[in-house]
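The values are calculated or read from the model by the stated rules, or taken from the named source; none is laboratory data. Keep in mind the model is a prediction, meaning the values are calculated, not measured. Note: ideal-geometry Cβ built from the backbone for every residue, glycine included; neighbour counts use all protein chains shown.
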Amino acid sequence: MLTNHWEQTATGIWRLTIREPEGITPLTWMGVTPKDEVLQQMPQVEPPLAWDRIQLEEAGRNFMLSFPLNPTEKLYGTGLQLLRMNQRGRTRYLRVNSDPKQDTGETHAPVPFYVSDQGYGVWVDTSRIVTMHLGSSLKQEDTRLEEIRDRNTDKGWKATPVASRVEIQIPAEGAVVYLFGGPTLSDVVARYNLMCGGGVLPPKWGLGFWHRVPTLYSDQQVLDEAEQFRLHDIPCDVIGLEPGWHSHSYPVTYEWEKSRFPDPASFVDELAHKGFRVNLWEHPYVSPQSEMYADLQPLSGTHTVWGGLAPDYSLPEAAALYKKQHEEQHIQIGVSGYKLDECDGSELTNNSWMFPAHAMFPSGLDGEQMRQMYGLMFQKMTADLFRSQNRRTYGLVRASNGAASTMPYVLYSDLYDHKQFIRGICSSSFSGLLWTPEVRRARNAEDWVRRMQTVCFSPMAMLNAWGDGTKPWSFPEVEGTVRHYIKLRMKLLPYLYTAFAVYREQGIPPFRAMPFVMTPAEIAGAEAKLAANEQQHLNTTDGAYGKKKAREWDDQYMVGDALLVAPLVEGETEREVLLPAGIWYGLETGERYTGGCVIRVQAGLEHIPVFVKSGSILPMMSALSHVPAAGTPTAIELVHFGTEPGTARLYEDDGETFDYEQGKCSWFNLAVTVDQDGNYTGAWTGDNDQSSSYVGVTWRFAQTRLLMNEQR
């Protein structure tokens, strides 16, 4: 057994350095400043595990670091995981991969960070692939003979026996490992995010509705489609252009196709005057037809992708070439952001593409390291580019890693299972990531509505019509319902924006899985109240062997502190919902529920079950056609739910720049009191400087039916 010495680096955070790690890592590449002041204000905690129970051993060329587990402990995290939320009993091979169709741990965003429901977390900061055995391996000395069963005769046999340790394979060159204390799971994740610089605060327009047009659209076709949003009275803030805007793509030039976009500056400007931002699709692989090709060639890897260069963007000179070209041809004419596609790679037998692990790059990084880091590199390069202009951006990325919580990017996938997409919202919340269950197509009107409802309650509400040209009005029979939820998204923008401001300042994700708000005992207590004949909807593990486990509740989530969203998918008209303790109301139905249990709700196609906690105050605005420009006076309505008093906070800044970092922002305290006669009074206090554009504040009290009277 090797000696492992942990040192405390911040309140509730300890670090172990194994050997002398070389090269870049997610944390060193991001160059973030931990939010030490906020960390110091968090609860002082003792080390969550006894040091002598953490073991470090040599394992061939590598090291094996292991941590103790109790029999019922649940483990979450490891990045964006679409196939399960509780990782206990699984081996996670954490490689970047665009096709995570098997439950191996490979994913668009593998983060070697797991968090326990017992109130601690472990992160390995490395650019190498990490394998985590999360209670899936049993050493000989830990094997209990009485647990060995005969599969032929014993129905209690399990493919994955209950293991007593987590084992993490550490790369041969070593790594830096961090241990985060709680006391709660939410505290653990907040400490991780705060150490990585806090959470991202997107521009306000990024939280509006997005629409990506078909690949080969011309400028006039894009303008015509944008106008249709206004004619259909459907809010939209961002128009995304797909590969056809390039003069050559697969590989790409980053240059405008003149036959389709003869005057890009005028095109972007005309959309801006109509209230639309422009987002450009791209990927990393540079075409020989690009004006940058010759300069980038000596700064690129040994292998090409689709015949294009794979530049080594860890080199400052390569990054400078990229930034200069993008600033001159995109940023200066008003482009607002990027969709960073295909920085992940695939090994599908019929569609294998990516530089290999043995590829070498001028910086000395090999293909494994570059593939693990490429998504982070592109996020940081583009985010830094906009920051240099004092402009916030928001966009899409298809690969990420650790230390990404400050990045203004939302993950997405070419996979298209609705239930997995809902699970992605939950799983990403443990690892400092954001995920959109983007809508691309639908089998029918029901599938269409259910997907649109879910995406309107996600970090990015987006319709991606690049392939089949679908529109929000593609199914006329449900256009009213789709319009209703896109408008509801717009109305909730002040609430969503405040949730992201909390993320930036406190590290608490704006979208969170249920273990953030309920302890294991609370979840177990709520489940115990289910009648025995209601236990037929459980997820399963060891599926080939017919074994069952407790439900993960990975199909519902919180948005901020007040809203609980429980989506339905095609074919469903009712579902079970795990409600935390307290009184809850249907956001749109006004129906009252007592929490601390599992309820069953029915919802026709015109509804997605959304619940608001009693006493909550939701700041809301009008359903405008697009987010108002900075400084535009905006009326706000403060809607109080339930019969009890309540408090909330509201954040405001210019919504577009980084001036909030110099204090040009406002936090307002909202409070509702009830006198002995049952009269409600609302109070608005706090900063009230020039950074706030909210005017005409009104209150609504004891709300029970919020939006049902609107035409759908």
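Data table
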read-out	value
Among the candidates ALA581, ALA550, residue that is modelled with pLDDT of 95 or more, part of a loop (DSSP other than H, G, I, E, B) and of a type in the set (A, V, I, L, M, F, W, C)	ALA581
Hey, GLY432 assigned to a loop (DSSP other than H, G, I, E, B), in contact with a Pro (Cβ under 6 Å, 6 or more places away or on another chain), over 27 Å from GLY571 (Cα atoms) and at pLDDT 95 or above or not	no
One residue from SER259, SER314 being under 18 Å from GLY364 (Cβ atoms) and in a loop (DSSP other than H, G, I, E, B)	SER314
Among the residues listed as THR160, THR153, the single one being surrounded by fewer than 23 Cβ atoms within 10 Å (Cβ to Cβ), β-branched (Val, Ile, Thr), assigned by TED's automatic domain parsing to the domain that holds ARG61 and farther than 29 Å from GLU58 by Cα	THR153
Selection within region 1-35 - surrounded by 13 or more Cβ atoms within 10 Å (Cβ to Cβ) and either part of a helix (DSSP H, G or I) or hydroxyl-bearing (Ser, Thr, Tyr) (or both)	THR9, THR11, THR17, THR25, PRO26, LEU27, THR28, TRP29, MET30
Filter result (more than 18 Å from THR184 (Cα to Cα) and either over 27 Å from the mean Cα position of the chain (by Cα) or buried (at least 18 other Cβ atoms within 10 Å of the Cβ) (or both)) within region 36-51	TRP51
Every residue from region 441-476 that is at pLDDT 95 or above, charged (D, E, K, R) and over 13 Å from GLU570 (Cβ atoms)	LYS471
Within region 135-193, tally of residues that are charged (D, E, K, R), under 25 Å from TYR76 (Cα atoms) and not in a strand (DSSP E or B)	5
Total residues in region 107-129, condition in a loop (DSSP other than H, G, I, E, B) and under 17 Å from the mean Cα position of the chain (by Cα)	5
Qualifying positions in region 657-712 - assigned to a loop (DSSP other than H, G, I, E, B), more than 17 Å from GLU644 (Cβ to Cβ) and modelled with pLDDT of 85 or more	THR657, PHE658, GLY663, LYS664, CYS665, SER693
Residue list for region 36-51, restricted to those being in a loop (DSSP other than H, G, I, E, B) and among the hydrophobic types (A, V, I, L, M, F, W, C)	MET42, VAL45, LEU49, ALA50
Scope region 602-650; condition small (Gly, Ala, Ser) and at negative phi; matching residues	ALA603, GLY604, SER614, SER616, SER622, ALA623, SER625, ALA629, ALA630, ALA635, GLY646, ALA648
The one condition in (1) out of contact with any Ser or Thr (no Cβ under 9 Å at 6 or more places or on another chain); (2) within 30 Å of CYS665 (Cα to Cα) that TRP205 fails to fulfil	(1)
Test: residue in region 400-423 that is in a helix (DSSP H, G or I), modelled with pLDDT of 95 or more and of a type in the set (Val, Ile, Thr)	yes
Residue within region 237-253 that is within 19 Å of MET370 (Cβ to Cβ) and not in a loop (DSSP other than H, G, I, E, B) present	yes
Sole exception among (1) within 29 Å of MET514 (Cβ to Cβ); (2) touching a residue at least 40 places away in the same chain (Cβ under 8 Å); (3) surrounded by fewer than 19 Cβ atoms within 10 Å (Cβ to Cβ) for GLN87, by number	(3)
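This table checks each residue for (1) of a type in the set (Gly, Ala, Ser); (2) touching a Ser or Thr at 6+ places or on another chain (Cβ under 6 Å); (3) crowded, with 23+ Cβ neighbours inside 10 Å; (4) assigned by TED's automatic domain parsing to the domain that holds TRP29.
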residue	(1), (2), (3), (4)
VAL238	no, no, yes, no
LEU241	no, no, yes, no
HIS248	no, yes, no, no
ALA272	yes, no, no, no
GLU282	no, no, yes, no
MET292	no, no, no, no
GLY301	yes, no, no, no
THR304	no, no, no, no
ALA310	yes, yes, yes, no
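Each row is one residue, and each column tells you yes or no for (1) over 29 Å from LYS419 (Cα atoms); (2) assigned by TED's automatic domain parsing to the domain that holds TRP29; (3) aromatic (Phe, Trp, Tyr).
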{"site": "GLU58", "(1), (2), (3)": "yes, yes, no"}
{"site": "MET64", "(1), (2), (3)": "yes, yes, no"}
{"site": "PHE67", "(1), (2), (3)": "yes, yes, yes"}
{"site": "GLN81", "(1), (2), (3)": "no, yes, no"}
{"site": "ARG84", "(1), (2), (3)": "no, yes, no"}
{"site": "GLN102", "(1), (2), (3)": "no, yes, no"}
{"site": "ALA109", "(1), (2), (3)": "no, yes, no"}
{"site": "VAL115", "(1), (2), (3)": "no, yes, no"}
{"site": "SER164", "(1), (2), (3)": "yes, yes, no"}
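Rundown of residues vs (1) touching a helix residue (DSSP H, G or I) at 6+ places or on another chain (Cβ under 9 Å); (2) assigned to a loop (DSSP other than H, G, I, E, B); (3) surrounded by fewer than 18 Cβ atoms within 10 Å (Cβ to Cβ), yes/no style:
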position: GLU58; (1), (2), (3): no, no, yes
position: PHE67; (1), (2), (3): yes, no, no
position: ASN70; (1), (2), (3): no, yes, yes
position: PRO100; (1), (2), (3): no, yes, no
